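So the structure is just underneath, and the comments pick up after that.
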Amino acid sequence: MLRATKALMLGTDVGFVVYFSVTGLGLIPPEWAFADYANPLMADWNWSFLWIDMLASATGLTSLWLLRGSVPRPGGPPLMLVSLVLTMASGLMAIAFWTLRGDFSLAWWIPNLYLMLFPIPAIACLITARRIEA
């Protein structure tokens with residue numbers, strides 16, 4: 001499972017950077033954007049995720065770097081746990097927002113459900129492994 005988690009994390013963490021780069025450059029076509037994308041309040045809401053997503057990405061990519069090779073360096077698992085929890089929180093926040101708004105666009109729900117759900121098995125494994133080691 002760790003190999004699958006690492007692959008998913010790498011794709012997700014790079015995806016966070018790409019998403020905000022593309023968004024910042026204004027390259028998302030309006031027909032692909034979420035509801036009220038041009039509304040300044042919605043734009044601010046979207047950009048409010050920058051900090052949690054970039055922190056998830058930075059801790060995730062650092063953990064992957066620490067865990068590479070045959071002899072992983074210390075600090076990798078705790079940073080991986082932090083990254084996975086931040087990623088899950090980001091997806092949960094977005095799903096909660098879209099639920100409150102009554103906006104059920106699959107184009108935005110699927111990626112955010114992914115962010116919310118893919119970390120759960122790895123979080124459980126990391127917490128269990130830490131409890132066994134302690």
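Can you compute the helix-only [θ] at 222 nm over the chain? Use -39500 (n - 2.57) per DSSP H run of at least 4 residues, normalise by all residues, nearest 500 deg cm²/dmol.
-25500 deg cm²/dmol
List the trypsin sites (Lys or Arg not before Pro) within segment 1-71 that fall in a DSSP loop (any state other than H, G, I, E or B) and whose Cβ has at most 16 other Cβ atoms within 10 Å.
Listed in order of number, the matching sites are Arg68.
From zero up to wherever the largest Cα-Cα distance of the chain sits, split into 5 Å bins and tell me the percent of pairs in each.
Over the chain, the share of Cα pairs per 5 Å bin runs 2, 10, 18, 23, 18, 12, 8, 5, 3, 1, 0 percent.
State the extension gain, in nm to one decimal, for the chain segment bounded by Leu27 and Met42, taking 0.36 nm per residue of separation less the distance between their alpha-carbons.
This chain segment gains 3.7 nm when fully extended.
So, in Å, what gap is there between the alpha-carbon centers of segment 33-90 and segment 93-118?
Centre-to-centre distance over Cα atoms comes out at 17 Å.
Near the amide H of Phe49, under 5 Å away, which other amide H atoms are found, from residues 5 or more places off or on another chain, if H is placed in the peptide plane?
none
Which of rounded, prolate or oblate describes segment 35-89 when judged by the alpha-carbon gyration tensor and an a/c cut-off of 1.5?
Verdict is prolate for segment 35-89.
Chymotrypsin sites (Phe, Trp or Tyr not before Pro) within segment 73-111: which are DSSP loop residues with at most 10 other Cβ atoms inside 10 Å?
Taking segment 73-111 and a limit of 10 other Cβ atoms within 10 Å, the loop chymotrypsin sites (Phe, Trp or Tyr not before Pro) found are Phe104.
Which peptide among 50-60, 28-38 comes first, and what is the full order, when sorted by highest mean count of other Cβ atoms within 10 Å?
50-60, 28-38
Would you list the membrane-span-like helices of the chain, meaning whole DSSP H runs whose alpha-carbon atoms span at least 30 Å along their axis and whose mean Kyte-Doolittle value is at least 1.0?
Helix filter hits for the chain: 76-101.
Laboratory data are not the source of any read-out in this text; all were calculated from the coordinates shown. What you see is a predicted model; the values in this text were computed from it and never measured. All Cβ positions, glycine included, derive from the backbone under ideal geometry; neighbour counts span all protein chains shown.
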